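Take a look at the structure set out below.
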Amino acid sequence: TWDMRSRGIDVMSTYSIGVSPEYERDGVLFLGAERGLRRSRDRGHTWERVALEPPGERRAGWAYEVRSIRFSPRFAEDRGMLALSEAGLFLSDDAGETWRRQDVPEERARRLAVSPDWPADRRLFVGGVGLRRSLDGGATWSEPLAGGELTAIACAPDLAASGEVFATSVREGFLRSDDGGASFAPVVGALEGFSPSKLRLSPDFARDGTLWVATLSGGIRV
């Protein structure tokens, strides 16, 4: 059963969701929306706006929708959060109370993956029209490593040892890297030509090596 808990959201559409790693204790949720986030401190009953916008004059017609919300793997210690929109990459060191912005040189940047060893390893991946890697927490970015509208990016939990990073692209299908994301290659025939929309790794991926890719019209591939 379901009930509506939208008081304070005040937008027609939301695009991503983030559940606090300490939700059982703090009851905090985030929704990605236009021009920032909506945050709930009471398990979704009420919401407040957290503005995430670029400096300067607003660009007409741009809503800067937050499409990815990520928490630091060491959130309990560093209180780190990251959020991505076409306005840039936003980072917080205090569980979303304050934010700083960094430019991302990628058109329609919507997908974000964070190294499992963050923040010691400052490796990030952003997907938009192309796929880019940063090794310094978003201060600088690589040239495009793949293209064709990225729909998902995921780092293996043992990235430091295996070097494995995975991605899906509307044009190039299923992509994998074995060198820590320095380069990517498509796996020919992996999705039988169907367009991928979502990618998930098994919770026990380091042991079982299982991943799932949802496709448009082609079902789920394992």
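Rounded to the nearest whole Hz, the Karplus-based 3J(HN,Hα) values (6.51 cos²θ - 1.76 cosθ + 1.60, θ = phi - 60°) of segment 96-113 follow the sequence x, 6, 10, 9, 10, 10, 10, 5, 10, x, 9, 5, 6, 5, 9, 10, 9, 10, with x at glycine and proline.
About its Cα centre, the chain has a charge dipole of approximately 540 debye under the convention of +1 per Lys or Arg Cβ and -1 per Asp or Glu Cβ, with nothing else charged.
Answer rounded, prolate or oblate for segment 1-110, using the Cα gyration tensor with square roots of eigenvalues a ≥ b ≥ c: rounded when a/c is under 1.5, else prolate when a/b is larger than b/c, else oblate. The partial results should precede the final answer.
Details: a/c = 2.07, a/b = 1.24, b/c = 1.67.
It is oblate, given that a/c is not under 1.5 and a/b is not larger than b/c.
I'd like to compare 95-108, 32-45: which one has the highest average count of other Cβ atoms within 10 Å, and what's the full order after that? Provide the component values of the computation, followed by the final result.
Numbers: 95-108: 15.6, 32-45: 19.1.
Per-residue Cβ counts within 10 Å, averaged per peptide and sorted highest first, yield 32-45, 95-108.
The H on the amide N of Gly36, modeled in the peptide plane, is under 5 Å from the matching H of Leu52, Val66, each at least 5 residues off or on a different chain. If you sort Ser115, Ser16, Ser183 by accessible surface, 1.4 Å probe, largest first, the order is Ser183, Ser16, Ser115. Remark: relative contact order (the chain) = 9 percent; criterion is Cα-Cα distance under 8 angstrom and separation of 6 or more residues. Segment 153-222 and segment 120-149 have Cα centres spaced 16 Å apart.
Give me the net charge of Leu131's neighbourhood, meaning all other residues with Cβ under 11 Å from the Cβ of Leu131; Lys, Arg count +1, Asp, Glu -1. Net charge in that neighbourhood comes out at -1. Arg200 versus Ala120, label points 7 Å from Cα toward the beta carbon: distance in nm? Those two pseudo-labels are separated by 2.9 nm. Please work out which option in [x] 0.96; [y] 1.10; [z] 1.07 gives Rg/Rh (Cα atoms, Kirkwood Rh) calculated from these coordinates, and answer with its label. Of the labelled values, this structure produces [x]. Annotation for Met12 and Ser217: the two label points, set 7 Å from Cα along the Cα-Cβ direction, are 2.8 nm apart.
Once backbone amide H atoms are built at 1.01 Å from N, Ser195 has Leu216 as its partners under 5 Å, excluding neighbours fewer than 5 places away on the same chain. Converting phi to 3J(HN,Hα) with the Karplus coefficients 6.51, -1.76 and 1.60 and the offset θ = phi - 60°, segment 25-37 yields 8, 9, x, 8, 10, 10, 10, x, 9, 5, 6, x, 10 Hz in sequence order, with x at every glycine or proline.
Taking all protein chains together, Trp2, Trp47 sort by accessible area into Trp2, Trp47, largest first [probe 1.4 Å]. Rounded to the nearest whole Hz, the Karplus-based 3J(HN,Hα) values (6.51 cos²θ - 1.76 cosθ + 1.60, θ = phi - 60°) of segment 39-50 follow the sequence 10, 10, 10, 10, 6, x, 6, 9, 9, 10, 8, 10, with x at glycine and proline. Amide H contacts of Ser16 (H built 1.01 Å from N, in plane; Pro and chain starts excluded): Gly32 sit under 5 Å, all sequence-distant by 5 or more or on other chains.
Report the extension gain between Met4 and Arg79 in nm, rounded to one decimal, defined as 0.36 nm multiplied by the number of residues separating them, less their alpha carbon distance. Walk me through the intermediate numbers first.
Working: separation 75, 0.36 × 75 = 27.00 nm, distance 2.91 nm.
Gain in length upon complete extension: 24.1 nm.
Please state the shape class of segment 123-222: rounded when a/c is under 1.5, otherwise prolate if a/b exceeds b/c and oblate if not, all from the C-alpha gyration tensor. List each step's numbers first, then the result.
Details: a/c = 2.05, a/b = 1.22, b/c = 1.68.
Oblate shape, in that a/c is at least 1.5 and b/c is the bigger or equal ratio.
Overall shape: oblate for segment 166-208, with the ratio a/c of the largest to smallest alpha carbon gyration tensor axis at 1.5 or above and b/c at least equal to a/b.
Could you rank Val222, Val165 by how accessible they are, 1.4 Å probe, largest area first? Write down the numbers at each step before the final one.
Working: Val222 130, Val165 0 Å².
Descending accessible area places them as Val222, Val165.
Using a probe of 1.4 angstrom and keeping all protein chains present, the accessible surface of the chain works out to 51 square angstrom per residue.
The values are calculated or read from the model by the stated rules, or taken from the named source; none is laboratory data. Because the structure is a prediction, the values reported are computed rather than measured. Backbone-built Cβ (ideal geometry, glycine too); neighbour counts: all protein chains shown. What goes into the accessible areas is simple: the full protein's heavy atoms, side chains included, and nothing from ligands, DNA or RNA. Shrake-Rupley method; radii C 1.70, N 1.55, O 1.52, S 1.80 Å.
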